[in-house]
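The values are calculated or read from the model by the stated rules, or taken from the named source; none is laboratory data. Only a predicted model underlies this, so the values are computations on that prediction, with no experimental measurement involved. Cβ atoms come from the backbone with ideal geometry, glycine included; neighbour counts cover every protein chain shown.
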Amino acid sequence: MSELILAAEAASAVSGLVAAALLFIKPLREKLLGVAQIREGQKCILRQQMLNSYYRHKDEDCIRQYEYENFLYSYHAYKAMGGNSFIDKIKAEVDTWEVET
């Protein structure tokens, strides 16, 4: 019975150490690999794509369906990455436009 208790304590200690290691490994990995900078770059690219579509069609208040769908995909990815509310105003205006099929 004592062997079973020792095994349970050992398993508990190992799982605790693994959990603690994972807490430190992720931030370290992100810092070493520059994940935060890559994510910021991706947000900039997404924002620029959405702004290009917006300014290209702003005067007509009309957008093609595939461009609108691409705008929405970019918007959702941008927001999932922690994008700011500036693009929310742009999206609200684009949502009022006519979508050509």
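In a residue-by-residue description of the range 34-43, the property of being out of contact with any helix residue (DSSP H, G or I) (no Cβ under 7 Å at 6 or more places or on another chain), small (Gly, Ala, Ser) and without any contact (Cβ under 8 Å) to a residue 40 or more places away in the chain applies to at least one position.
Residues in the range 75-98 that are under 10 Å from the mean Cα position of the chain (by Cα), in a loop (DSSP other than H, G, I, E, B) and among the hydrophobic types (A, V, I, L, M, F, W, C): 81 only.
Scan the range 25-41 and tell me whether some residue there is modelled with pLDDT of 90 or more, surrounded by 11 or more Cβ atoms within 10 Å (Cβ to Cβ) and over 21 Å from residue 95 (Cα atoms). Scanning the range 25-41 turns up at least one residue that is modelled with pLDDT of 90 or more, surrounded by 11 or more Cβ atoms within 10 Å (Cβ to Cβ) and over 21 Å from residue 95 (Cα atoms).
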